[in-house]
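Written out below as structure tokens is the structure these notes cover.
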Amino acid sequence: MRGYRGIKYTLFIFCYFFWVVSAVLIAVGIYAKIAKEKDVVDTLAVDPALVLIVVGSLMSLITFLGCFGALRNATCLLKMFLAILAAVFLLQIAAGVVGYVFTDMVMDRTEKLMMKAIVRYREDRDLENAIDFIQKKTVLNTMCGYGTQQMEERSAGQSIFTVGCVEKIIWWAKSNLWLVAGLTAGLLLLEVCMMSLAGAQISWIKKVQQRQKETEAQSRSEKKERLWFPAFADFNDE
């Protein structure tokens, strides 16, 4: 019984933690949406607030199923939680494989997405703040390269970064390969752990239910056998 309680409450704690994180994401996204101008046209691809709300909502739904299912021993909710989490896990693996195999296509789509974001720079306050933050961290010249267009690449590199944002991100990922791999492996391992806990709890609940059914069937059988004896039957040994 202690083992079952350990599985149950460990899964509940994991799901509750991510449920709190999802609530924070939703709150931040809603606050960002309210603080925006009302005439801004929102698109999920380049709107950080919408991304936060959508990701937070999906995470909240998944973790709610895990929390309530683990706490109430509801196999139906636990199966839904396990199925959705497994689907997310497989999608992440598939995205990684597709990104590795079709690197050029992914790079092209990423550049197009960044161009859309730059076009809408003045239309979205959150997007503007995000781009400004990235520029402050990566751009040497705060005047966006003013006066460097006539310079050679080597000379211009002393004032601005001559490498594009996408290439810079790839270079950073390659330079910090162990960090990126560790974070990715940690996330996938955590998902596997949560799926294993959910599967173990479902299996334990089914065993208990099966045991109860066998006990009830045996009890009914014994009761049915006792009904065949007449009231005046003598069970004394002769």
**Report entry** Candidates V88, V51, filtered to the one that is free of Cβ contacts under 8 Å to residues at least 60 places away in the same chain, surrounded by fewer than 18 Cβ atoms within 10 Å (Cβ to Cβ) and part of a helix (DSSP H, G or I)
**Finding:** V51
Query raised in the report: Is it true that K174 is over 30 Å from T10 (Cβ atoms), open to solvent by 100 Å² or more (accessible area, probe 1.4 Å), assigned to a helix (DSSP H, G or I) and modelled with pLDDT of 60 or more?
Result: yes
Query - segment 22-38: number of residues that are at pLDDT 85 or above, open to solvent by 50 Å² or more (accessible area, probe 1.4 Å) and more than 12 Å from P48 (Cα to Cα) - result: 2
Report summary line: Log entry, pairs with first residue in segment 198-212 being assigned to a helix (DSSP H, G or I), second being of a type in the set (S, T, N, Q), beta carbons closer than 6 Å, six or more apart or on different chains, reads I202/T75; I205/N73; I205/T75
Report summary line: Considering residues that are of a type outside the set (A, V, I, L, M, F, W, C), in a helix (DSSP H, G or I) and surrounded by 15 or more Cβ atoms within 10 Å (Cβ to Cβ), the number found within segment 60-74 is 4
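The values are calculated or read from the model by the stated rules, or taken from the named source; none is laboratory data. Predicted model only: the values in this text are computed from it and were never measured. With ideal geometry, Cβ positions are generated from the backbone for all residues, glycine too; neighbour counts draw on all protein chains shown. Side chains included, ligands, DNA and RNA excluded: accessible areas come from the protein's heavy atoms. Shrake-Rupley method; radii C 1.70, N 1.55, O 1.52, S 1.80 Å.
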